[in-house]
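So the structure is just underneath, and the comments pick up after that.
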């Protein structure tokens, strides 16, 4: 199992390399997809020890998908068995008129797919079965991000977008992309409620649905704040 992406999202992806999860990770520059040559070299390297094939878990961003596809094409011509699962769990555009050409973005739902597929791989399931499971899991994921202030790219002084005072950005991306809408500052309870309403509608969850909830931090929250969100 391989995955990769730009630096700046730590512990993703390197922090998830280990038994029962990723075999290796490929990291690009900050917020930049790793080059296809690096992806190809990693495919070739891990294939020496893993004869069952290589499965790439790629978050749905244009550069990541294009570079991974190029690496896969070359690897296959060299005789390597390579498959791919695209992770696209962002529900920000659901129920709006905003329609991105590339579809839903890949976000923190990656962790669950990597963990589950890593476990199945350890049990000995084949690559084709893992691909099927991964794509089914992706259809059952929903993530929504909000923030109170925009991020600033390392080495620059200006935030990547502007949020008016006492507003919240709703549905932002993990690379500093602005959200799909703003809402007035409100209580944490109301923020969590709005997130869950959207995710539940997109996934068509019912009262008795069994779910796994992951609370992610884009970098500026304390542990205490995260536990308060988790309680809500």
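Some points to look at:
- Test: residue in segment 118-125 that is more than 16 Å from the chain's Cα centre (by Cα), loosely packed, with under 14 Cβ neighbours inside 10 Å, in contact (Cβ under 8 Å) with a residue 12 or more places away in the chain and not assigned by TED's automatic domain parsing to the domain that holds residue 190: yes
- Scope segment 73-105; condition out of contact with any helix residue (DSSP H, G or I) (no Cβ under 8 Å at 6 or more places or on another chain), closer than 20 Å to residue 32 by Cα and in contact (Cβ under 8 Å) with a residue 12 or more places away in the chain; matching residues: 90, 103, 104, 105
- For segment 39-62, the tally of residues that are surrounded by 16 or more Cβ atoms within 10 Å (Cβ to Cβ) and free of Cβ contacts under 8 Å to residues at least 40 places away in the same chain stands at 4.
- Just so you know, in segment 96-113 the residues that are touching a strand residue (DSSP E or B) at 6+ places or on another chain (Cβ under 8 Å) and assigned to a loop (DSSP other than H, G, I, E, B) include one that is surrounded by the most Cβ atoms within 10 Å (Cβ to Cβ), and it is 106.
- Within segment 203-210, at least one residue is surrounded by 15 or more Cβ atoms within 10 Å (Cβ to Cβ) and out of contact with any helix residue (DSSP H, G or I) (no Cβ under 9 Å at 6 or more places or on another chain).
- Filtering segment 182-190 for residues that are in contact (Cβ under 8 Å) with a residue 40 or more places away in the chain, closer than 19 Å to residue 142 by Cβ and surrounded by 12 or more Cβ atoms within 10 Å (Cβ to Cβ) leaves an empty set.
The values are calculated or read from the model by the stated rules, or taken from the named source; none is laboratory data. Please read these numbers as outputs of a predicted model, since none were measured by experiment. All Cβ positions, glycine included, derive from the backbone under ideal geometry; neighbour counts span all protein chains shown.
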